[in-house]
1. Counting pairs of Cα atoms in the stretch 224-299, how many percent are more than 21 Å apart?
2. Under the rule a/c < 1.5 gives rounded, and otherwise a/b versus b/c splits prolate from oblate, where does the stretch 47-87 land using the Cα gyration tensor?
3. Rounded, prolate or oblate: pick one for the stretch 168-244, where a ≥ b ≥ c are the square roots of the eigenvalues of its C-alpha gyration tensor, a/c under 1.5 means rounded, and failing that, prolate if a/b is larger than b/c, else oblate.
4. Calculate what fraction, in whole %, of the accessible area of the stretch 111-179 sits on carbon and sulfur atoms when a 1.4 Å probe is rolled over the protein chains.
5. With every protein chain present, what is the per residue accessible area of the stretch 88-160 (1.4 Å probe, Å²)?
Amino acid sequence: MFRGMRLRAALIASVLLCACAAGCGDTTKTVTVQAKRAERPAALRTGLRVGVVGPLRLRVDGAVPEHGRLADVAGDALVVVSATRVDAAAVAAAADEHPSSHFALVGAATSGDKRPNVLGLVLNVREAAQLGGVVAGLIAAGQGGQDARVAWVGPEERPLATSFARGAQDVRPGTTVLRAWARDDPAACKEAALGAIGRGAVAVMAHGGSCAEAAIAGAHQQNVVGMRVADFELPDLAAESAMRDAVAGVYRGGEDVVFGAASGAIGVRALDPRVPPDLAVRARTAAQDLAEGRRPSGR
C-alpha cells in the first residue's frame, strides 16, 4: 500500500518537473495541445484519366473523368471536348501539342482540322429536327384543330426544315409547316418566330445558338411552345462510347463518326414545359420508334 502511494507521489512530481521545464517562470506564454481527430483517408479513384471539357456528364466503368479547361486536361490519355465550348480548330491545335493524347470532339465534325489523334463525334441533326417536328405535329393535333400550323425558324437550312416537316407530317398528315427564314441574328429570328405565330403556328423550332434562343423567347411571349435541335440530342451517349473504347485500349482518330437515333444519341433530352404531359409521353414513344427504325407515330 505504502509502496503504491510512493509511486503515485513520484509520478506526480515527475509531471510537475516536466511542466516547469516546458514553461515554468514564463507566465506570459501558454501552450495548448488539442487532440486531433484522425482523418478518414479519401477514397482512391483508379482508372483511365479522361479529361472532360464542357457540359458533359460522363460515367463509364474504368474511367475517371476530370473536368477542366482544354489547356489543363490536354495531357490526359483521352480528352472529350464539347463543341459547344471549343471549336475543331482549337482541338486540332491541342492535339498537335499533345501527340500522345487522344481527343474526341462531341457534337461537331472535324472538317478541315482532321488529326490522327482526333475523333469527331457527330450527332445526326436531321433526325433531331425530325423528332422536333414530331413534337410540333403532336401539339398541332392536340391544341390547334384542323388549321393549326407549325414553323421552322432561322437561316435557310432546307435539309433541317424538310426533316422537321417530315416529323410533323408523320404524326399529323396534312399539317401546314411554315418556313420562317431569317438571317442568323437574334432580333431577326425573334421577329420571324413572332411572324409565324401570327400566321397560326402553335409550335416553332430553330437550329441553335442565339437565333434559337431568341426564337424561343418570342414564342414564350405568346405562350407558344419553342424548341431547338439540342433538345433532342444526347451527346453524353456518344462521348461515353469513345470512353468505353479507350478503357478497352482502342483509340480512333482521323475520322468523323455519326450518331443517330439507333445509337440512342438522338432522343428527347428536354421539352418545353408548355408541352402537356400526355404529349411528352407520346413524344418519347416516337423517339423509340425512330431508334428502332420505325416511322414515328407518337401513339
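1. Here the long-distance tail beyond 21 Å is 38 percent of all Cα pairs in the stretch 224-299.
2. Cα axes put the stretch 47-87 in the oblate bin.
3. It is oblate, given that a/c is not under 1.5 and a/b is not larger than b/c.
4. With neighbouring chains kept in place, the figure for the stretch 111-179 is 44 percent.
5. Here the residues of the stretch 88-160 average 38 Å² of exposed surface.
The values are calculated or read from the model by the stated rules, or taken from the named source; none is laboratory data. Small disclaimer: the values here were computed from a predicted structure and weren't measured. Areas reflect the complete protein model, heavy atoms only, side chains present, ligands, DNA and RNA absent. Shrake-Rupley method; radii C 1.70, N 1.55, O 1.52, S 1.80 Å.
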